[in-house]
Amino acid sequence: MLGLGRLLPLGGPSGGAWIVERAADAVLRREAAAAVPDARLTWLRLGLAAPSEGTGAPDSAGAGAAGSAGGGAAGSAGGDTAALGPVPPGALPREPLCIEAEFAAWPRQPLPDLAAALRTALLAAAEERLGLDVVRADLTVTELLDGTPAEAADAGHPPEGEPVRHLAGRVEGDPVARAVAGTAGVVGLTSELGHAVQIAADHARVEVATARDARALDVARAVSAAASRALGDDRPVTVLISAVS
């Protein structure tokens, strides 16, 4: 998984979906740049929060809590009750997450206010665009910038979408691949982490890229349901999202 980072759990403790850290990072940076143009993220990391900071229950809080000062709870997959498949290699435990980030700032407003706005944007994006269970965002300002964001060449805004490097081949002969590829919000099947569709006796795993205008967790749930229908049984389906394009 060179360059992809770790696999982050989508949907809280009862989910079966994961997203690569690189894809989540790109979404968070894009949303933060759009919401808070006076701040430019220079470093971002997603990791486990302290165990005591768990939300206690999936979907216990939404975007409103995410926007509160000091942190909030991102929603989880409250409807995922099926048995879970094996945890993919390189995946973090299905526990609440924390964002750590450093940023440079154009100080056109008080830095505490700017940091609060950036924190709100990051937590809201984690919930609304991805479906990550993020309970805290710790921010550090590392540089004060001159001029204005509009005057800077490339003011830190990320590219329009995550490139999909390894699209899987034809899907016509595989009913599971065909069902997944036809799911709303799926850009394509990918093979960044292995074969796009892996089917075992007791579970299945599929890997996809999702559209940037769709919430990653919602697409993953729909993909899991489509794959289950194609399989025709109750094997748990693990969904890996390797890019958001």
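Details
- 3J(HN,Hα) couplings calculated from phi for the stretch 17-25 with the Karplus curve 6.51 cos²θ - 1.76 cosθ + 1.60 (θ = phi - 60°) are, in sequence order, 10, 9, 10, 6, 4, 4, 5, 5, 4 Hz; Gly and Pro show x.
- Under 10 Å, Cβ to Cβ, from ALA32 - net charge with Lys/Arg +1 and Asp/Glu -1: +3
- For the stretch 92-142 and the stretch 5-47, distance of Cα centres in Å: 10
- Zone residues, the stretch 175-200, relative to LEU4, backbone N less than 16 Å from point 7 Å out along Cα-to-Cβ: 187-199
- Residue-wise HN-Hα coupling along the stretch 142-148, computed from phi with Karplus coefficients 6.51, -1.76, 1.60 (Hz; x: Gly, Pro): 10, 7, 9, 9, 8, x, 10
- Between amide H atoms placed 1.01 Å from N, distances below 5 Å from THR238 occur with ALA204, ARG205, VAL206, all of them 5 or more places distant or on a separate chain.
Since every read-out is calculated from the coordinates, none of them should be taken as a lab result. Because the structure is a prediction, the values reported are computed rather than measured. Backbone-built Cβ (ideal geometry, glycine too); neighbour counts: all protein chains shown.
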